[in-house]
Amino acid sequence: MTGRGATAVLAAPAVVPDPPARAHGGWALGLLRTARPRQWVKNVLVLAAPAAAGRLGSWQTGARLALVFALFTAAASAVYLLNDARDAEADRAHPAKCRRPVASGQVSVALATGTGILLGLGSATAAALLCGPLTAALLVAYLGIQVAYCVRLKHVLVVDLAVVATGFLMRAMIGGVALGIPLSRWFLITTGFGALFMVAAKRYSEAVQMEGAEGATRALLTQYTTGYLRFVWQLAAGTAVLGYCLWALEAGPVATSLPWRQLSVVAFVLGVLRYAVFADRGTAGAPEDVVLRDRPLAVIGLAWVTLYGMSVAGL
């Protein structure tokens, strides 16, 4: 090649793309992104049992719950790291998941796996040393169930819904276990089925949005029907409401100026009904996104927290 064409080729600078790690901020930031910081808000559920028992009034309790929150966050982050390391190859073929740090090459599979194992073992060991054997046992059970979910259970119909809901339930239980607070049957029923309601509503929304777009989301959804998922979230919502109502009406003689415990039922039911609007439309994504983006639902939630808090405080 000679003349102007050759000159143009020689003058053109060589374009060498940055490696993924540099383009996205390095492996450290990639590990943080893989640990899903936005999901850490779910771990606030460790306050649920102590709040229900009215045990949030001392700094010792606050320090213990802060430790439990940190340990559960480390355990959950370990699961996300191991999951992304295992699914790296499949994620590369996904239109959205291909941007995840492990799938994109920002974080190596070996680094994600090693960090996940260290976080998991470290959180379980710290729980045993600092919080007691029962708390450690619950944390280890959570890790075992979630790893089994990543490896196999997320591909098993119905079991996948139960496992995800159980993760929320364990978050709500561990705060009470760490403080030695007995967990009532109504607390477990309401929390467990409330979690199943949100999980099934999210799956239903994904199934509705993926209709006509095969392969755009998790493969297991193709084995569910939208009618079945609708049945699951409706059943779970009804059971959660029933459990909460029975808890509220089980209270003994009212010793306060107003029956705050019974009045909190109104806010709880309104919250479930408002959330069900998004589930019915097929727009109920991540629970934290639904609550934070819908102002009426946030206000209802604040009203429930206020009424519930006044009931626990005995005002």
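Structure summary
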{"quantity": "Candidate lysines for bridging to LYS97, where Cα separation is under 17 Å - those fewer than 8 sequence places away on the same chain excluded", "calculated": "LYS154"}
{"quantity": "At least 18 Å along the helix axis (C-alpha) and Kyte average at least 0.0, DSSP helices within the chain", "calculated": "59-86, 109-130, 133-151, 159-179, 185-210, 226-249, 260-281, 295-313"}
{"quantity": "Where trypsin sites (Lys or Arg not before Pro) fall in DSSP loop in the stretch 143-188, at most 14 other Cβ within 10 Å", "calculated": "ARG152"}
{"quantity": "Surface accessible to a 1.4 Å probe, per residue, for the residues of the chain, Å²", "calculated": "52 Å²"}
{"quantity": "Alpha-carbon gyration tensor eigenvalues x 5, square-rooted, for the chain, Å", "calculated": "42, 25, 18"}
{"quantity": "Cβ charges +1 (Lys, Arg) and -1 (Asp, Glu), total dipole of the chain, debye", "calculated": "280 debye"}
{"quantity": "Of all accessible heavy-atom area on the chain, the percent that carbon and sulfur account for (1.4 Å)", "calculated": "69 percent"}
{"quantity": "Within the chain, longest stretch clear of exposed GluC sites (Glu not before Pro) (DSSP loop, no more than 14 other Cβ within 10 Å)", "calculated": "1-210"}
{"quantity": "Relative contact order of the chain, pairs being alpha-carbon contacts under 8 Å that are 6 or more residues apart, as %", "calculated": "17 percent"}
{"quantity": "Between the stretch 106-122 and the stretch 151-216, the alpha-carbon center distance in angstrom", "calculated": "25 Å"}
{"quantity": "Neighbour net charge for GLY192 - beta-carbon separation under 14 angstrom, K R +1, D E -1", "calculated": "+2"}
{"quantity": "Net charge of neighbours whose Cβ lies under 12 Å from the Cβ of ALA237, counting Lys and Arg as +1 and Asp and Glu as -1", "calculated": "+1"}
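The values are calculated or read from the model by the stated rules, or taken from the named source; none is laboratory data. What you are looking at is a predicted structure, and each value in this text was computed from that prediction instead of being measured. Don't worry about glycine lacking a Cβ; one is built from the backbone with ideal geometry, like all the others, and counts go over all protein chains shown. With ligands, DNA and RNA removed, areas are computed over all heavy atoms of the protein, side chains included. Shrake-Rupley method; radii C 1.70, N 1.55, O 1.52, S 1.80 Å.
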